[in-house]
Amino acid sequence: MIHIALPEECRNRSLPFYLSVEEWVARHLPADEYLFAWRVGPTVICGRNQDVPLEVNLDYCRQHGIEVWRRKSGGGAVYADHNNLMISYVTPSTEVEPTFRGYSEWLAALLRSYGLNAEASGRNDVLIDGRKVSGGAFYKLPDRAIVHSTLLFSTDMEHMGGALTPSRAKLESKKVTSVQSRITTIGEHLPNLTIEEVEHRLASECDGRYELTPADIAEVEAICAGYEQQGGTPTPTPRDNRLFCQRNDAGEFRFSLGENGRLSAKGDFFPLCDLDAALAEACCGADLLDTLERMGVARAVAGIDNAKLAVLTDRAIKELKSENNINI
């Protein structure tokens, strides 16, 4: 595994810069495993398909100077600040489950080396004594995958609880009543350890090193401009009462119909293709399985096969088009 070293001038940047570093590494460096850690100011990082105003308290974020950005990977919203480490891992492996499992088990083993009771759990979490200390997300490229995760050190729990508003179904699936009740931090267990020591330890896990050059950084900045054009904290939009919601092993799905009759799916699932395009055809009467086969997509969403996804989609379309549809 090769450590990506960031020059000092690349420290203290906003979220889009580091997401762009990940993409640059995945698209430009030779096939190998790469790792680097980074920190940002108070920021909420939303998944690709999340309904942001539903899962983030945007008013709280504005009042407390917390930035809100959307990443290209799926999964749920997370809160990060300078007392939280973000870890980026780039790999040639593009299979979601084994990649997540290998990464999560590696991170849990690293935490156990500090004497912590850490274990990989579920599809993308690492726990200490049964409470979450790290959660990951997955972004698939044609021949690479990016896994990025939080690693909570001494994060501001008040801001985390105020900024994130996960659905009741998600909390119930974790058997908790609030974000804070599910979370722990490294600092809570190891008060004499510093975040810098953990960051150095992560780098020492690698057996190679690559430092970004000025030319590399210029290319990263070009990618970063695309994120910044999308803007930061979004404006709340009116809620659509016509929703069909279901939570399963793949995550939470919230289907809705737009005014143009187009079906969309939001949630914390991990898409592996252009799902919106396939759903648009399904809503117009096309068979979702045929559409995905024509697109060459063996699996559209991690954790659920295409046949089950098609059944779920058909049910959502019928419910949403019925006269008695209500918000679930």
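Here is a check on your reading of the model: is LEU151 modelled with pLDDT of 95 or more, assigned to a strand (DSSP E or B), more than 15 Å from the chain's Cα centre (by Cα) and among the aliphatic types (A, V, I, L, M)? Even if it seems obvious, please write down each step before you answer.
Numbers: modelled with pLDDT of 95 or more: yes; assigned to a strand (DSSP E or B): yes; more than 15 Å from the chain's Cα centre (by Cα): no; among the aliphatic types (A, V, I, L, M): yes.
Taking the combined requirement at face value, the residue does not satisfy it.
Taking into account only those residues within the stretch 123-144 that are part of a strand (DSSP E or B) and touching a residue at least 60 places away in the same chain (Cβ under 8 Å), which is farthest from TYR34 (Cα to Cα)?
First pass over the stretch 123-144, keeping only residues part of a strand (DSSP E or B): 125-128, 131-140.
Okay, now just the ones that are also touching a residue at least 60 places away in the same chain (Cβ under 8 Å), so 128, 135-140.
Numbers: ILE128: 25, GLY135: 19, GLY136: 16, ALA137: 16, PHE138: 15, TYR139: 15, LYS140: 15 Å.
Only one residue tops the list, namely ILE128.
Could you say which residue among LEU243, LEU275, LEU279, LEU289 is more than 25 Å from the chain's Cα centre (by Cα) and modelled with pLDDT under 90? Outline the logic, then answer.
Working: LEU243 fails: more than 25 Å from the chain's Cα centre (by Cα); LEU275 fails: more than 25 Å from the chain's Cα centre (by Cα); LEU279 fails: more than 25 Å from the chain's Cα centre (by Cα).
Matching residue, one of LEU243, LEU275, LEU279, LEU289: LEU289.
Please go through the stretch 7-34 and give me each residue that is surrounded by 18 or more Cβ atoms within 10 Å (Cβ to Cβ) and aliphatic (A, V, I, L, M), ordered by number.
Those that are surrounded by 18 or more Cβ atoms within 10 Å (Cβ to Cβ) and aliphatic (A, V, I, L, M): LEU15, LEU19, VAL21, VAL25, ALA26.
What number of residues in the stretch 263-290 are touching a residue at least 40 places away in the same chain (Cβ under 8 Å), part of a loop (DSSP other than H, G, I, E, B) and either small (Gly, Ala, Ser) or not assigned by TED's automatic domain parsing to the domain that holds ALA302 (or both)?
Qualifying residue count, the stretch 263-290: 0.
Inspect all residues belonging to the stretch 189-199 and state whether any of them is aliphatic (A, V, I, L, M), over 19 Å from TYR34 (Cα atoms) and not in a helix (DSSP H, G or I). Before you say what the answer is, go through the steps one by one.
Step one: of the stretch 189-199, the residues aliphatic (A, V, I, L, M) are 190, 193, 195, 198.
Narrowing the set further to residues that are over 19 Å from TYR34 (Cα atoms) leaves 190, 193, 195.
From what's left, not in a helix (DSSP H, G or I): 190, 193.
Looking for residues that are aliphatic (A, V, I, L, M), over 19 Å from TYR34 (Cα atoms) and not in a helix (DSSP H, G or I), one finds at least one in the stretch 189-199, hence yes.
Taking into account only those residues within the stretch 14-30 that are modelled with pLDDT of 95 or more and not in a helix (DSSP H, G or I), which is nearest to ILE217 (Cα to Cα)?
Filtering the stretch 14-30 for residues that are modelled with pLDDT of 95 or more and not in a helix (DSSP H, G or I), the one nearest to ILE217 (Cα to Cα) comes out as LEU29.
The values are calculated or read from the model by the stated rules, or taken from the named source; none is laboratory data. Note that the structure is predicted; figures quoted are calculated from it, not measured. Note: ideal-geometry Cβ built from the backbone for every residue, glycine included; neighbour counts use all protein chains shown.
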